[in-house]
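The values are calculated or read from the model by the stated rules, or taken from the named source; none is laboratory data. Since the structure is predicted, the reported quantities are computational estimates derived from the model, not experimental observations. No Cβ is skipped: glycine too gets one built from the backbone with ideal geometry, and neighbour counts run over all protein chains shown.
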Amino acid sequence: MKILILTSKLPYPATGADEQDRFEGLRLLKELGHELRVIAKVAAYQKEEDVETLSRAITSKVETLPYRGSGFSMRRLFDIGFWDGAAYEYADPGTVRALTRAIGEFKPDCVWLDGSFMWPLISVAHSAGLPVVVRSLQIESTHIIADEGASPINLLRAYVKGVGEARMARTADVVIAINRNEAVRYEEMGAKHLETVPLRQLPSLLEKGGIEYRDARPLHVLFTASTFSVTHNRIGAENVIRKIAPELDARAPGEFMIHITGAKLPDKIRSDMPANVTYEGYVPDFDAFMRSIDIAITQSLGNAGMHGKLFAPVAAGIPTVPQSHALAGFSFAEGEGMVFGESPESVVAHLLSLREKGAREKIGKAGLKQAEHLFSRTALKMAITRALDAL
């Protein structure tokens, strides 16, 4: 099948979780034997050699477009869906012309949109007689409230995002949700055909195998986030530094070292760090770093999207202590890679119970088995194939 893909910021270098997901998505489609052409927006810092490297990696033509910015128009004023700047970017005439030109040149069998906010382009593809697959990276209307709270401005932003997401769900031929809970939400919005494809970088993690379970001290505990400018990540870090770490040190001195990774941890929070916490900042080779970890913990995660900070450690065989609502509909029972810590106090209790190597190994390997069932390359390829076969 010939697939014309529109993705947001050029997913190379694949440094962040979002870029990794979209880059691995392109690779999966190539592995399935499809012929691709890619149109991507490009940020000012990205270089022409990044475009060329991506093109070689997926043996496909990659065209880039600049970000145009939101701007103002009467159309935007009177259509609340276009109050969302991310969506309005894809109503830009230059983007529409690029899609129309690529359809004429490439003659694809379908158009694939990597993001629900690209809904303005669905009608462009349909007018050319082409079906559309939309891969939703997250339900952003839910994410805004989960990440930033229910202030009046955030409620308005969430409502505007929701208008666009509902339009996308009703008009796309196939919607691919990132988790099972969001698939249910899109069905309620009127989606015609749904599939669930989780984070597309998880198969690569699984294929590296599980970690080596150590019997040394201190045990290394991971708490990670992309950036602590996000409210729930910052609250989680505060819980770790001010509640979990001091209690661990009081009850098991010298037995645990907590490593916090991620950008922009505020100085005020860092100044409170006890001796059993290290702030690593941004870690370039996160996969390698993660494999030096014995246990992972998560705190203050919402139930929107799919949290790599939870599922990546499980896919590496690392026993993980999350809150149960963060599973996003994926079926992991207690003891399958996870033990659920609903409060800082229960997180401490679970960490103390995981001091024994045998306990960590049993839980970690059970999680690997379930992750292989849910997130393997074969499982994801089957879901993608079902989505394309439904067109």
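(1) surrounded by fewer than 19 Cβ atoms within 10 Å (Cβ to Cβ); (2) assigned by TED's automatic domain parsing to the domain that holds LEU248; (3) part of a helix (DSSP H, G or I); (4) not β-branched (Val, Ile, Thr): which one isn't true of ARG355, the others all being true? In the conditions (1) surrounded by fewer than 19 Cβ atoms within 10 Å (Cβ to Cβ); (2) assigned by TED's automatic domain parsing to the domain that holds LEU248; (3) part of a helix (DSSP H, G or I); (4) not β-branched (Val, Ile, Thr), ARG355 misses (3) alone. Applying a threshold of 8 Å to beta carbon distances and a minimum spacing of six or more residues, or different chains, the list of pairs starting in the stretch 34-48 at a residue that is assigned by TED's automatic domain parsing to the domain that holds ILE103 and at pLDDT below 90 and ending at one that is surrounded by 12 or more Cβ atoms within 10 Å (Cβ to Cβ) and part of a strand (DSSP E or B) reads ALA43/LYS9. Assess whether PRO319 counts as being buried (at least 16 other Cβ atoms within 10 Å of the Cβ), at pLDDT 95 or above and more than 17 Å from the chain's Cα centre (by Cα). Considered against the rule, which asks whether it is buried (at least 16 other Cβ atoms within 10 Å of the Cβ), at pLDDT 95 or above and more than 17 Å from the chain's Cα centre (by Cα), PRO319 comes out as yes. One residue stands out among those in the stretch 57-85 that are part of a helix (DSSP H, G or I) and touching a residue at least 40 places away in the same chain (Cβ under 8 Å): the one that is nearest to LYS30 (Cα to Cα), which is ALA57. Does at least one position in the stretch 73-80 carry a residue that is modelled with pLDDT under 95 and touching a helix residue (DSSP H, G or I) at 6+ places or on another chain (Cβ under 6 Å)? Checked against the condition, which is being modelled with pLDDT under 95 and touching a helix residue (DSSP H, G or I) at 6+ places or on another chain (Cβ under 6 Å), the stretch 73-80 yields at least one hit.
With the condition kept exactly as written, say whether any residue in the stretch 8-21 is assigned to a strand (DSSP E or B), touching a strand residue (DSSP E or B) at 6+ places or on another chain (Cβ under 8 Å) and either outside the structural domain of LEU156 (by TED's automatic domain parsing) or closer than 26 Å to ARG167 by Cβ (or both). Yes, some residue in the stretch 8-21 is assigned to a strand (DSSP E or B), touching a strand residue (DSSP E or B) at 6+ places or on another chain (Cβ under 8 Å) and either outside the structural domain of LEU156 (by TED's automatic domain parsing) or closer than 26 Å to ARG167 by Cβ (or both). For ALA172, the conditions (1) within 30 Å of ALA125 (Cα to Cα); (2) assigned by TED's automatic domain parsing to the domain that holds ASP287 all hold with the exception of (2). Scanning the stretch 163-173 for residues that are over 16 Å from ARG76 (Cβ atoms) and crowded, with 19+ Cβ neighbours inside 10 Å, which turns out nearest to the chain's Cα centre (by Cα)? Restricting to residues being over 16 Å from ARG76 (Cβ atoms) and crowded, with 19+ Cβ neighbours inside 10 Å, the top hit is GLU165.
Taken together, the criteria place ALA125 among residues that are assigned by TED's automatic domain parsing to the domain that holds LEU28, surrounded by 22 or more Cβ atoms within 10 Å (Cβ to Cβ) and either hydrophobic (A, V, I, L, M, F, W, C) or modelled with pLDDT of 95 or more (or both). If you go through the stretch 282-302 and keep only what is modelled with pLDDT under 95 and of a type in the set (Gly, Ala, Ser), you end up with ALA288, SER300, GLY302.
Of the candidates SER331, SER376, SER346, the single residue that is within 23 Å of LYS243 (Cα to Cα) and either among the polar types (S, T, N, Q) or touching a Gly at 6+ places or on another chain (Cβ under 7 Å) (or both) is SER346.
Taking every residue in the stretch 329-345 that is β-branched (Val, Ile, Thr) and pairing it with any residue that is surrounded by 14 or more Cβ atoms within 10 Å (Cβ to Cβ) and in a strand (DSSP E or B), at least 6 positions away or on another chain, the pairs with Cβ-Cβ distances below 6 Å are VAL339/VAL321. Which residues, taken from the stretch 131-153, are more than 20 Å from LEU391 (Cβ to Cβ), in contact (Cβ under 8 Å) with a residue 24 or more places away in the chain and either surrounded by fewer than 16 Cβ atoms within 10 Å (Cβ to Cβ) or in contact with a Leu (Cβ under 7 Å, 6 or more places away or on another chain) (or both)? Across the stretch 131-153, the qualifying residues are GLU148, GLY149. Identification of helices (runs of 4 or more DSSP H) wholly contained in the stretch 265-328 with 1 or more residues that are under 30 Å from ALA183 (Cβ atoms) yields 286-290, 308-315.
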